1. Scanning the stretch B:172-192 for residues that are at the interface with chain A (Cβ under 7 Å from one of its Cβ atoms) and buried (at least 24 other Cβ atoms within 10 Å of the Cβ), which turns out farthest from the chain's Cα centre (by Cα)?
2. Going by what's in this entry, would B:I116 be described as within 13 Å of chain A (Cβ to nearest Cβ) and either among the aliphatic types (A, V, I, L, M) or on the phi > 0 side of the Ramachandran plot (or both)?
3. Can you find even one residue in the stretch B:100-114 that is surrounded by fewer than 16 Cβ atoms within 10 Å (Cβ to Cβ), in a loop (DSSP other than H, G, I, E, B), charged (D, E, K, R) and touching a residue at least 24 places away in the same chain (Cβ under 8 Å)?
4. Cβ-Cβ below 9 Å, separation at least six or inter-chain, first residue in the stretch B:203-214 and within 7 Å of another protein chain (Cβ to nearest Cβ), second β-branched (V, I, T) and in a strand (DSSP E or B): which pairs?
5. It is to be established whether one or more residues within the stretch A:6-25 are free of Cβ contacts under 8 Å to residues at least 24 places away in the same chain and part of a helix (DSSP H, G or I).
6. Out of the residues in the stretch B:193-205 meeting the condition of being surrounded by fewer than 18 Cβ atoms within 10 Å (Cβ to Cβ) and among the charged types (D, E, K, R), tell me which one is farthest from A:K243 (Cα to Cα).
7. Search the stretch B:323-350 for residues being among the acidic types (D, E) and crowded, with 21+ Cβ neighbours inside 10 Å, and hand back the single one that is modelled with the highest pLDDT.
8. Could you list, in sequence order, all residues of the stretch B:138-149 that are under 12 Å from B:F198 (Cα atoms) and either among the β-branched types (V, I, T) or more than 10 Å from every other protein chain (Cβ to nearest Cβ) (or both)?
Amino acid sequence: MPVWLQEHSWRQSLTAVYLSLPLRGARATAANIFCSEQYLKVSIPPFLFEAVLYAPIDDTNSTAKIGNGNIFFTLYKKEPAMWDSLTLANADKEKLQHLRENAVLKAQEKAKEETEAKKITKQENKKYALEATMKLEEAERKRIEDLKEKERQKVTKELELWKNQQKDGDKYKSIQTKEELHQEIEPLKERKKEKMNKTRIPNEASSKTRLKSTRGCHGSCSIFSQDLKEEQLPAPRAAATIKVNFTPRVFPTALRESRVAEEEEWLHKQAEARRIINSDLSELKDLKEEEKNPDWLKEKGNKMFAMGDYLGAVNAYNLAVRLNNKLPLLYLNRAACHLKLRNLHKAIEDSSKALELLTPPVPDNENARVKAHVRRGTAFCQLELYTEGLQDYEAALKIDPKNKIIEKDAEKIRQLIQGTMQSS
Amino acid sequence: MSAVLGPERPQVVSHVQQALNYTVFDCKWVPRSARLMCLGSAARGTGVIQLYELHGARLEVLREIEKPKPIKCGTFGATSLQQRYLATGDFDGNLNIWNLEAPEIPVYSVKGHKEIINSIDGVGGLGIGEGAPEIVTGSRDGTVKVWDPRQNDTPVANMEPVQGESKRDCWTVAFGNAYNQEERVVCAGYDNGDIKLFDLKTMSLRWETNIKNGVCSVEFDRKDINMNKLVVTSLEGKFHVFDMRTQHPTKGFASVSEKAQKSTIWQVRHLPQNRDIFMTSGGSGSLHLWKYEYPAQRSKKDSEGSEMGVAGSLSLLQNVTLSTQPISSLDWSPDKKGLCVCGAFDQTVRVLIVTKLNKI
C-alpha cells in the first residue's frame, strides 16, 4: 500500500501553476515523475502523489526541479485562466482510472512519436552527409579528369604541329632529290654545300621537337651523300662461327623459378628408380649379364611387341619389373601387351601402377600419362565399364586437348553410354 | 626504392586505340615520321604488315601488305634514313628486307634459320652509330646469326650450339657497344635463363650468366655508345639491370634486380631521349615506367684489387594497366619524346603519350 503524500503547496498565476511537493527523505529522479496533459503523478516507493489537474497543461514545456528535499513543479497552463483548485474535485474512481489510463496512453504515444521523429532526423542527417561526401568526391574526380583531358589536348596539339613539320620536311626532301637527279657530280658537290647552307636555315627555324643531329644533312641531302657514306662503310665482316654451350636443362620447356622444385622432385625420382635393383632373387644367378639390365629387357620387350609376340614381350617386362619395380614405362608397355592379349584386368592394373609412378605431373611425362589413361580407358570400355572408360579418356584429353583421336573415341563412348541408358 | 610523388609523376595517357583483325607481334615507328608499322599473323596463317599514320586522334591505314608466312619481328635499325627499309623475321626462319614502297619483292631475302625467328635487331643505320649496317636474328633453333645486307646467303657471324649439344630456344637478341667501326657486341637471351654476350670484333664469347628464369627481352640503353647498361627481363615478373662499364674477371657485371609483376615481363624499351628511363610491359597487360639512378661510385676494388662494378637503384615512376592480355611489343618514337606504341595480344595496338618526362 503506497503512502499518499498529502502535504503539498501550490500557487498560481494566469499562465502557470507552481506546485511544491516535499519529499520526506525520499530521493527523486526524473524517472519517478510522470506527467501528462491533465495528470500528474510522482511515485517514489513507498510514497505516492497523484493529481488530476483542474485544467490541461502544456506538459512538454512544464518543468520539475528536484532539490532540497523538495520537488518544485512549474506547470504552464494551456489556457490562461485562474484555477479554482489544483485538482479536479468530484472526481469519482472510474473517471480517475479512465483519466489515468488515457494519460498513460497519451504519454506512450508521445514517446513513440518522439523516437520516430528522432529516427527520421537521424536518417536525413546521414543522407545529407553522404550526399555531401559524394559531391566532394565527384568534384575531385572531375578535377583530375579535367587535368588529364587538358594534358591530352595539349599533347595532341603538339603532335599535330610536329607531324606537320615532318610533312614539310619530307616535301622539302623530295623536291631536292628530284632536282639533284638531273645533275652531274662535279657541280653537284658545290651545289651540295650550297644546299646544306640552305637546308640548315629551315632546320633551325623549325621547332625543337626535331631530333638534332649533325648528320641531319644526310636526311635532307641527296642520294649522292649516301654514296659517299657507302664508300666510308667498312666491308662486310669476315664470316666466323662462335660455338656456344648452354646451361644444361633436361626439360624442353623454359626455365621458371617457381617450377624448379617440382621438376627436381621428378628428376630425383627418375634417378632413384634407375638405381634400385631387387637383388634378393635367386634366379638372378642364372641370367646372362644383359638380362639383368631392366632397360635392355625393356628394349627386348618393345621389339617383341612390334613383331607381334605379345607373350614374349610380357615375359620380358615381367623380368624387368622384378629387377626394378619403379620404372613407370615398364608397366605402361606391359599394359599395352595385356590389351592386345585381352587380359583386360591386368591391363587396368598395369596402367594404374604406371600412373601412380608418373607423379608429380610435369610436362616431361605428359606423353606417358596420356598413353596410360588411354590404355586404361580402352580396357574399361572393352569390359563394358563405359563410364570409367570415359573418365580416363577425359583425363587424357585434359592433358592433351589437341589430340583428335582421343576426342573422337571419347565422343563414341559418350554416345554408347547414352544409348545403353536409353535402352535400360 | 623511392618514388616520384604526386602531380609531378609522368602520366601515361592513352591517345589512340586501334582494333586489329590479326594477332600483332611487333609494332615499330617508322623513323622521322608519324607513321607506324604493325607486324603479325592473320587468322588464315599468313603474315601481315600494316602501315598506319597518326592523324589527330585516329590511326589511318596507309598500306596493308600480306605475305605467305606469319611475321614475328621487325626492325628499321639497319637501314638508312632515306631508304627506311624494314627487316623482318618470320615464322619459317626467313629474314627479309622490304622496301615499303615496292613490297612485292624483298630487297634481301635469306632462309636464315630452320625454325621461327623470335627476335631481330639492327645497328648501323638511321644515321646512328658507326660501322657497317648489320642485322642479328635469334631463333628457336638455338642459333644467333648476324647478317650484312650486302652479303647474300651466308651470315657474317653465327653463334650455334656445340656439336651434339641439345639446343635451347633463343628468345631475344640485341646489339650494343657499337661506338666505332670495329666494336660491336651482340647479347642473346635464351629460354633456359642463359644470357650470352658475344664480341663481334674478337668473335668470341665475352660473358655469360644464367638468371634462373627464361629471358624474354634484352636491350642495351644505347646501341651506339660504349656499353653502359643492359636491361634483361624474364619470366616470373623479374628483370635485371646490369652495369656494363666494369667487367670483373670472375663475377662478371654487377646488377640490380626487381620483381615488378606476377607475370612475365615481355618487353623492355629505353626512352631514346633519356637512356636512364625505360618501360617494361607485362603479361598482365600493364606497363611500368622505371628510372635508374647511378650509385655514387660506379666501380670499386674488391679484396684482390680487381675492379668490380656497383649497381645503382631503380625507382618506379608510373604504372598503368591497359589490357587484360599481355603487351608483347613496345616502341618509343625516336622523334617525339614520350610518344610510344604498344601492341597487345587482345588484337589492339595503342598509341600512348607519356607526359612530364622533361621534369625527370
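The values are calculated or read from the model by the stated rules, or taken from the named source; none is laboratory data. Because the structure is a prediction, the values reported are computed rather than measured. Backbone-built Cβ (ideal geometry, glycine too); neighbour counts: all protein chains shown.
1. Keep residues of the stretch B:172-192 that are at the interface with chain A (Cβ under 7 Å from one of its Cβ atoms), which gives B:181, B:190-192.
So of that shortlist, the ones also buried (at least 24 other Cβ atoms within 10 Å of the Cβ) come out as B:190-191.
Values: B:Y190: 14, B:D191: 16 Å.
Looking at residues that are at the interface with chain A (Cβ under 7 Å from one of its Cβ atoms) and buried (at least 24 other Cβ atoms within 10 Å of the Cβ), I get B:D191.
2. Numbers: within 13 Å of chain A (Cβ to nearest Cβ): no; either among the aliphatic types (A, V, I, L, M) or on the phi > 0 side of the Ramachandran plot (or both): yes.
No, not satisfied.
3. Here is the first cut: in the stretch B:100-114, the residues surrounded by fewer than 16 Cβ atoms within 10 Å (Cβ to Cβ) are B:101-102, B:104-105, B:109, B:111, B:114.
When the remaining residues are screened for being in a loop (DSSP other than H, G, I, E, B), the result is B:101-102, B:104-105, B:114.
Still in the list and also charged (D, E, K, R): B:101, B:104, B:114.
Of the ones still in play, those that are also touching a residue at least 24 places away in the same chain (Cβ under 8 Å) are B:114.
Yes, the stretch B:100-114 contains at least one residue that is surrounded by fewer than 16 Cβ atoms within 10 Å (Cβ to Cβ), in a loop (DSSP other than H, G, I, E, B), charged (D, E, K, R) and touching a residue at least 24 places away in the same chain (Cβ under 8 Å).
4. B:M203/A:T241; B:M203/A:I242; B:S204/A:I242; B:L205/A:I242; B:L205/A:V244; B:N210/B:I195
5. Taking every residue of the stretch A:6-25 in turn, none turns out to be free of Cβ contacts under 8 Å to residues at least 24 places away in the same chain and part of a helix (DSSP H, G or I).
6. Keep residues of the stretch B:193-205 that are surrounded by fewer than 18 Cβ atoms within 10 Å (Cβ to Cβ), which gives B:199, B:201-205.
From the residues that got through so far, the ones that are among the charged types (D, E, K, R) too are B:199, B:201.
Details: B:D199: 13, B:K201: 15 Å.
For the stretch B:193-205, the residue satisfying everything is B:K201.
7. Here is the first cut: in the stretch B:323-350, the ones among the acidic types (D, E) are B:331, B:335, B:346.
After this cut, where a residue has to be crowded, with 21+ Cβ neighbours inside 10 Å as well, the list is B:331, B:335.
Numbers: B:D331: 94, B:D335: 86.
Looking at residues that are among the acidic types (D, E) and crowded, with 21+ Cβ neighbours inside 10 Å, I get B:D331.
8. Just the residues of the stretch B:138-149 that are under 12 Å from B:F198 (Cα atoms), to begin with: B:144-146.
Once the filter is applied, which keeps residues that are under 12 Å from B:F198 (Cα atoms) and either among the β-branched types (V, I, T) or more than 10 Å from every other protein chain (Cβ to nearest Cβ) (or both), the stretch B:138-149 yields B:V144, B:V146.
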